[in-house]
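Working notes for the structure below.
The values are calculated or read from the model by the stated rules, or taken from the named source; none is laboratory data. What you are looking at is a predicted structure, and each value in this text was computed from that prediction instead of being measured. Here Cβ is always computed from backbone atoms with ideal geometry, including for glycine, and neighbour counts include all displayed protein chains.
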Amino acid sequence: MRTKTLLLTAALAAAGIASSMAQAVYSVNAVGYVNTALKPGFNLVSNPLKGADNSIKALFTNVPNNFRVYKFNGTTYDIATYSTVLGAWNPAANGNLTVAPGEGVFVQNPGTTDLTITFVGEVPQGTDSNTTIPAGFSIRASAVPQTGLASTDLKFPAANNDRIYKWSNAAATYAPFTYSTLLNAWNPSEPTINVGEAVFVRMGASTPWNRNFSVNQ
């Protein structure tokens, strides 16, 4: 399948990826935290909270040597690698790249055990909870730290033939979900997006993903 090949090639051509999805524990407050467990290898994760600094170097702290973050730029990946020897990200410019709520990245845990990353910040509300998904391929996530069905619960704005690709640890590949306006449904089923999880999406056109969320809802 051509689209899957494109995604897999872009996703990490350097290696055959065997990753585990992030699992998250979170507090439901206007200001809170999300603990995301990164399995050894590659994980497709999101930044679930609005922090004072949403740069890679601020989001991913206390990480081991050779911990890597891969931010998809629409064609390939900008890669930031942490060096404990230098105490810095390499290249430095990539450590300054931002990952806002609603966006996602691949991260590589080089260790052999789970690594927990704690995100601290505000739950995006109002216009801060609204994002725009670009046309074509991108890595996206819910801008609000909620787990739910993509369209039913999280209001993912799917049009005909728009697709969500969830990374599957067990199969070491993407599981595709395609929206059909004819059926008014997802095929093979409506995907669930978890707190702290990001997904690849393919959109036919640039589309607003508006939540106008309030913690008082």
Looking at (1) under 25 Å from Asn210 (Cβ atoms); (2) without any contact (Cβ under 8 Å) to a residue 40 or more places away in the chain; (3) buried (at least 18 other Cβ atoms within 10 Å of the Cβ), which is the one condition that is false for Gly121? (2)
Of the residues Ile139, Ile133, which is touching a Gly at 6+ places or on another chain (Cβ under 6 Å) and not assigned by TED's automatic domain parsing to the domain that holds Val99? Ile139
Is one or more of the residues making up segment 183-192 of a type in the set (Asp, Glu) and within 24 Å of Lys50 (Cα to Cα)? no
Exactly one of Val120, Val215 is under 30 Å from Ala58 (Cα atoms) and either touching a Leu at 6+ places or on another chain (Cβ under 8 Å) or outside any loop (DSSP other than H, G, I, E, B) (or both), and that one is Val120
Is it true that some residue in segment 155-168 is under 27 Å from Asn216 (Cβ atoms), of a type in the set (A, V, I, L, M, F, W, C), surrounded by 14 or more Cβ atoms within 10 Å (Cβ to Cβ) and touching a residue at least 40 places away in the same chain (Cβ under 8 Å)? yes
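A quick yes/no check of all residues on (1) in contact (Cβ under 8 Å) with a residue 12 or more places away in the chain; (2) within 15 Å of Ala141 (Cβ to Cβ):
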site: Thr178; (1), (2): yes, no
site: Leu183; (1), (2): no, no
site: Glu190; (1), (2): yes, no
site: Val195; (1), (2): yes, yes
site: Val201; (1), (2): yes, yes
site: Ala205; (1), (2): yes, no
site: Trp209; (1), (2): yes, yes
site: Ser214; (1), (2): yes, no
Restricted to segment 178-201, and to residues that are among the small types (Gly, Ala, Ser) and more than 23 Å from Thr118 (Cβ to Cβ), which residue is surrounded by the fewest Cβ atoms within 10 Å (Cβ to Cβ)? Ser189
Residue among Asp78, Asp53, Asp114 that is of a type outside the set (S, T, N, Q) and in contact (Cβ under 8 Å) with a residue 24 or more places away in the chain: Asp114
